[in-house]
Amino acid sequence: MYDMKARMHTGELYLPDGDDIMEEQLKCLDRLYDFNATRPTQLQLRTDMLKEMFAEIGEDCYIEPPFYANWGGKHVHFGNRVYANFHLTLVDDTHIYVGDNTMFGPNVTVATAGHPILPEIREQAYQYNMPVHIGKNCWIGAGAVIVPGITIGDNTVIGAGSIVTKDIPANVVAVGNPCRVLREISEKDREYYFKGRKIEWDKII
């Protein structure tokens, strides 16, 4: 029999329910349960716990509970100043990388795990994992879903409710199901922040 745990991060098919995998995963999920049980005033405790739970996490990151992750963040790599609103779901069966200053709206899902289309294999509970890379200074809108193996470039905005099934380049606004590039970020975005509302640069700190 193959070493299933060794295949988690290779993209190969494996069975995720082996005793060695489940024992380690349940420890991570217990810690995640503790994180979600913290009080709003326990900000330093939350910060300390995330540093323990994540593979890597930078400075001034904040995740609003409840937060969900298959491995409690064990395979998640955050840069500095990453913010996530309520109900972030990270299916972190393999690695998820997020750059500095990226923001997640409520109810975002980032998945690395998939299952074969062929029913005969899927019914045996085989799965595979592909890493996800999200660049720096991105904004992932509320309710977006990012599927396994996706790369999103720096500074890009993913519109609310989008289903990201293909790589998205840097410096664009992308929306829809499936998510497609709507336009590039332009000089107009330097003038207007929402519809006809102008940026008052003299009031920007």
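Hey, among Phe86, Phe104, Phe78, which residue is closer than 26 Å to Val175 by Cα, of a type outside the set (Val, Ile, Thr) and in contact with a helix residue (DSSP H, G or I) (Cβ under 9 Å, 6 or more places away or on another chain)? Can you show your working first?
Numbers: Phe86 fails: in contact with a helix residue (DSSP H, G or I) (Cβ under 9 Å, 6 or more places away or on another chain); Phe104 fails: in contact with a helix residue (DSSP H, G or I) (Cβ under 9 Å, 6 or more places away or on another chain).
Only one candidate passes the filter, namely Phe78.
Restricting attention to the stretch 57-80, and to residues there that are in contact with a Gly (Cβ under 6 Å, 6 or more places away or on another chain) and surrounded by fewer than 20 Cβ atoms within 10 Å (Cβ to Cβ), which single residue is nearest to Thr94 (Cα to Cα)?
Gly58
Within the stretch 180-199, how many residues are aliphatic (A, V, I, L, M), closer than 27 Å to Thr165 by Cα and not in a strand (DSSP E or B)?
Summing the residues that are aliphatic (A, V, I, L, M), closer than 27 Å to Thr165 by Cα and not in a strand (DSSP E or B) in the stretch 180-199 gives 1.
Counting only residues that are under 10 Å from the mean Cα position of the chain (by Cα) and either acidic (Asp, Glu) or surrounded by fewer than 22 Cβ atoms within 10 Å (Cβ to Cβ) (or both), how many does the stretch 112-145 have?
2
Can you name the number of the only condition in (1) more than 15 Å from the chain's Cα centre (by Cα); (2) in a helix (DSSP H, G or I); (3) free of Cβ contacts under 8 Å to residues at least 40 places away in the same chain that Leu50 fails?
(1)
From the list Ile199, Ile152, which one is touching an Asp or Glu at 6+ places or on another chain (Cβ under 8 Å), modelled with pLDDT of 95 or more, closer than 22 Å to Leu88 by Cα and not small (Gly, Ala, Ser)?
Ile152
Considering every residue within the stretch 80-93, establish whether at least one is in contact (Cβ under 8 Å) with a residue 60 or more places away in the chain and not in a loop (DSSP other than H, G, I, E, B).
Within the stretch 80-93, none of the residues are in contact (Cβ under 8 Å) with a residue 60 or more places away in the chain and not in a loop (DSSP other than H, G, I, E, B).
Modelled with pLDDT under 95 and in a loop (DSSP other than H, G, I, E, B): which single residue out of Pro16, Pro40 fits that description?
Going through Pro16, Pro40 in turn, just one is modelled with pLDDT under 95 and in a loop (DSSP other than H, G, I, E, B): Pro16.
Do any residues in the stretch 96-108 that are at pLDDT 95 or above and surrounded by fewer than 24 Cβ atoms within 10 Å (Cβ to Cβ) have Cβ atoms under 9 Å from those of residues that are among the acidic types (Asp, Glu) and assigned to a loop (DSSP other than H, G, I, E, B), where the two are at least six apart or on different chains, and which pairs are they?
Gly99/Asp154; Pro106/Glu64
The values are calculated or read from the model by the stated rules, or taken from the named source; none is laboratory data. Worth saying up front: this structure is predicted, and the values here are computed from it rather than measured. Note: ideal-geometry Cβ built from the backbone for every residue, glycine included; neighbour counts use all protein chains shown.
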